[in-house]
Amino acid sequence: MAVDDDRDVVLRVENVDLGYGSLQVVFGVSLSVRRGELVGLVGGNGSGKSTILRAVSGMIHPMGGRIVFNGEPVGELAPHRMAQKGLAHVPMGRQLFPNLSVQENLLLGAYLPHLRKGREEVLGKVYGLFPDLERIAGQMAGALSGGQQQMLAIGRALMLSPVMLIMDEPSLGLSPRYVKDVMRAIRSVADTGLPVLLVEQNIKQVLQVSDRAYVLENGRLVLEGGSAELQGHPLIRKAYLGL
Ligand SMILES: Nc1ncnc2c1ncn2[C@@H]1O[C@H](COP(=O)(O)OP(=O)(O)OP(=O)(O)O)[C@@H](O)[C@H]1O
Ligand SMILES: [Mg+2]
């Protein structure tokens with residue numbers, strides 16, 4: 001790989017083996033995300049997508065291989081250390097405070113002590129990116145539509161002024177219309193230069209917005225490449241798009 005490419009790599013997962021206790025579920029997976037890229041990690045139920053994200057965010061540690069974030073090996077770090085280093089994880093299920101307003105949820109996103117001072121300014125940036133959130137700033141999070149809640153979850157992660165965003169199935173449980181909105185929102189986040197690793201079962205939607213993607217089956221990568229190119233790949237068309 002060229003030197004310039006290397007400098008732009010924010011996350012590099014190198015040949016990792018992952019599992020729970022003695023049960024291995026991910027085998028020799030390597031992937032990378034560069035500055036400004038939206039990268040998809042797709043695959044069916046139980047293929048190991050969330051397990052890889054858990055390893056990146058420090059919730060589990062590799063049995064083998066390495067995870068490098070911003071040039072630094074981080075495989076053994078705990079989740080709060082990864083958060084301090086700028087990794088924001090938007091978990092599956094969103095975990096908002098339903099009885100607090102949209103704005104209160106956003107401000108609570110800047111929970112790290114060093115972020116408190118600048119949080120009003122960051123809030124302005126998040127509203128700039130997602131004007132819809134500003135419009136509903138006073139509404140209770142619990143009263144929002146699924147699509148709005150997902151947008152809020154992403155906005156809250158952005159309140160950390162992260163170095164990188166990782167997301168686990170943001171489209172889960174959303175109606176098709178909201179899926180499109182959320183995917184567009186994720187694309188606009190990546191267009192600000194923030195690298196995003198997006199985990200999804202919804203391969204069709206991901207290939208439409210991502211720059212590159214990796215396809216996982218039974219804990220192993222079976223395909224990777226530019227998203228446009230993957231959309232036309234025979235395996236993808238047959239196995240995932242039903243064409
Ligand atoms: N906490 C756990 N303890 C033991 N096994 C687990 C645990 N979490 C996941 N697994 C197993 O690891 C494998 C990969 O699971 P993982 O959740 O990473 O898949 P996934 O691709 O995210 O699937 P889904 O699309 O359903 O979310 C599965 O066989 C699953 O049963
Ligand atoms: Mg999962």
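Brief remarks follow.
- Qualifying positions in the range 71-107 - in contact (Cβ under 8 Å) with a residue 40 or more places away in the chain, under 28 Å from His61 (Cβ atoms) and outside any loop (DSSP other than H, G, I, E, B): Ala83, Leu87, Ala88, His89, Val90
- The set of residues in the range 30-56 being of a type in the set (Gly, Ala, Ser), crowded, with 19+ Cβ neighbours inside 10 Å and at pLDDT 95 or above consists of Ser32, Gly40, Ser47, Gly48, Ala55.
- Residue match in the range 93-108 (condition: closer than 18 Å to Leu194 by Cα, within 16 Å of ligand 2 (Cβ to nearest atom) and buried (at least 16 other Cβ atoms within 10 Å of the Cβ)): no
- Per-region count, the range 220-243, residues closer than 19 Å to Leu38 by Cα, assigned to a helix (DSSP H, G or I) and not hydrophobic (A, V, I, L, M, F, W, C): 3
- Hits in the range 84-109 (condition: modelled with pLDDT of 85 or more and aliphatic (A, V, I, L, M)): Leu87, Ala88, Val90, Leu96, Leu100, Val102, Leu106, Leu107, Leu108
- Qualifying residues in the range 140-163 (those that are assigned to a loop (DSSP other than H, G, I, E, B) and of a type in the set (A, V, I, L, M, F, W, C)) - the one farthest from Leu112 (Cα to Cα): Leu144
- Residue within the range 48-56 that is out of contact with any Lys or Arg (no Cβ under 7 Å at 6 or more places or on another chain) and assigned to a strand (DSSP E or B) present: no
- Sole residue being of a type outside the set (Asp, Glu), more than 17 Å from the chain's Cα centre (by Cα), under 23 Å from Gly48 (Cβ atoms) and in the same structural domain as Asp8 (by TED's automatic domain parsing), chosen from Asn218, Asn202: Asn218
The values are calculated or read from the model by the stated rules, or taken from the named source; none is laboratory data. Because the structure is predicted, anything quoted here is derived from the model rather than measured. Cβ: placed from backbone, ideal geometry, glycine included. Neighbour counts: every protein chain shown.
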